[in-house]
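Working notes, structure below.
The values are calculated or read from the model by the stated rules, or taken from the named source; none is laboratory data. These numbers were taken from a predicted model, which means no experiment stands behind them. Here the Cβ positions follow ideal geometry from the backbone for every residue, glycine too, while neighbour counts run over all protein chains shown. For accessibility, only protein heavy atoms count, side chains too; no ligands or nucleic acids. Shrake-Rupley method; radii C 1.70, N 1.55, O 1.52, S 1.80 Å.
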Amino acid sequence: MDWGKVFKNGFLATAAMELFYRATNLVFHHGIDVPYANGTVLSLQSPLLIYLAGYLIFLLGGVLFSLLYERFVRPKNYRSGILYAILFVWLIADGLIFEPMGPAGFLMLGAGFKAVAVNLLAHGVYGWVLGFTFSGGKGRRASGIATPGPTHPE
């Protein structure tokens, strides 16, 4: 297992997910702020410390799910990444374990359709980046595309 690749890919996928949350919040005003929500769990008083701790928790979660993807999911491509992120990370881990502890409840249904849709799509972005980076950027085929050689040796 390549720990550097696990960390790098988890970091990139988590960063893409956070950028997606921030960009969509500018347009749709959904109010999803995962780092802040994570940081408030620690009962910190300073907004700076809440965000720092929240981003650390968010990053560690992204890297942990990257490790699970690397270890258990085959083949590695953007499709398997999206399926993994939506079925396992969003539906099971986030929906059944983490979100019910918050005020929005299961899959953030209490926050409305917009929040649920953005959260689902954000996990899809995470999975796409994770699958793409683990496949080495080869897209759909994790093994690569065979290129034909010359038909006649020269």
> What number of residues within the range 84-97 are among the β-branched types (Val, Ile, Thr) and surrounded by fewer than 13 Cβ atoms within 10 Å (Cβ to Cβ)?
Replying inline: 2
> Which one is least open to solvent (accessible area, probe 1.4 Å) among residues in the range 32-45 that are over 13 Å from residue 122 (Cβ atoms) and outside any helix (DSSP H, G or I)?
Replying inline: 44
> Of all residues in the range 100-131, how many are farther than 19 Å from residue 19 by Cα and assigned to a helix (DSSP H, G or I)?
Replying inline: 9
> Condition test on residue 81, is it touching a Leu at 6+ places or on another chain (Cβ under 9 Å), assigned to a helix (DSSP H, G or I) and either charged (D, E, K, R) or open to solvent by less than 50 Å² (accessible area, probe 1.4 Å) (or both)?
Replying inline: yes
> What number of residues within the range 98-121 are open to solvent by 90 Å² or more (accessible area, probe 1.4 Å) and either in contact (Cβ under 8 Å) with a residue 40 or more places away in the chain or not aromatic (Phe, Trp, Tyr) (or both)?
Replying inline: 5
> Scanning the range 3-26 for residues that are closer than 19 Å to residue 78 by Cα and either touching a Lys or Arg at 6+ places or on another chain (Cβ under 8 Å) or free of Cβ contacts under 8 Å to residues at least 60 places away in the same chain (or both), which turns out surrounded by the fewest Cβ atoms within 10 Å (Cβ to Cβ)?
Replying inline: 19
>> I'd like to verify a number: residues in the range 54-74 that are within 10 Å of residue 7 (Cα to Cα) and either of a type in the set (S, T, N, Q) or open to solvent by 50 Å² or more (accessible area, probe 1.4 Å) (or both), how many?
In response: 3
